[in-house]
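Working notes for the structure below.
The values are calculated or read from the model by the stated rules, or taken from the named source; none is laboratory data. Just so we're clear, the structure is a prediction, and the values are computed from it rather than from any experiment. Note: ideal-geometry Cβ built from the backbone for every residue, glycine included; neighbour counts use all protein chains shown.
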Amino acid sequence: MTDHTILRVVSKLLLPYVLLFALYVQFHGDYGPGGGFQAGVIFAAGFVLYGLIFGLTAVRRVAPARMIELVIATGVLVYAGTGVAAMLMGGNFLDYDALNPAHPSTGQHYGILVVELGVGMTVAAVMIAIYSTFAGRGRA
């Protein structure tokens, strides 16, 4: 087996920028193209790159299966919790205006940010879990 030094160095240099770009897409999504789904896929792509270069064992060391499961569940709870919070404040499910009745536009802004964060967390974790599952097929 040959050592891919150039690939390892370049991927270590690129990976922080891939993850940073995912965060930019996540938090810029309510002002332009982007949002939780796109950011989650970009974030997971960083882990896939890491796995392709350093191996599945390295990915599982950085993101253990239990942690991925917790992030999936937390993302769904953040999404659903935002909807339930709107209902408890007198609105409909995911009616962001109810989150801040005095300033509905502020409620809209924060509601969308929180929901998109939940979507991003779930999508990233599910994509990492899918990659980890399929890349590990046939291995003990």
Long-range neighbours under 6 Å by Cβ, at least six apart or interchain, first residue under 20 Å from residue 47 (Cα atoms) and surrounded by 13 or more Cβ atoms within 10 Å (Cβ to Cβ) within segment 14-36, second modelled with pLDDT of 90 or more and among the small types (Gly, Ala, Ser): 15/46; 18/46; 19/46; 22/39; 25/39; 26/39; 26/120; 36/120
Anything in segment 28-78 that is among the small types (Gly, Ala, Ser) and farther than 18 Å from residue 121 by Cα? List them, or say none. 32, 51, 55, 58
Under the condition of being small (Gly, Ala, Ser), over 24 Å from the mean Cα position of the chain (by Cα) and closer than 30 Å to residue 61 by Cα, which residue from segment 98-140 is surrounded by the fewest Cβ atoms within 10 Å (Cβ to Cβ)? 140
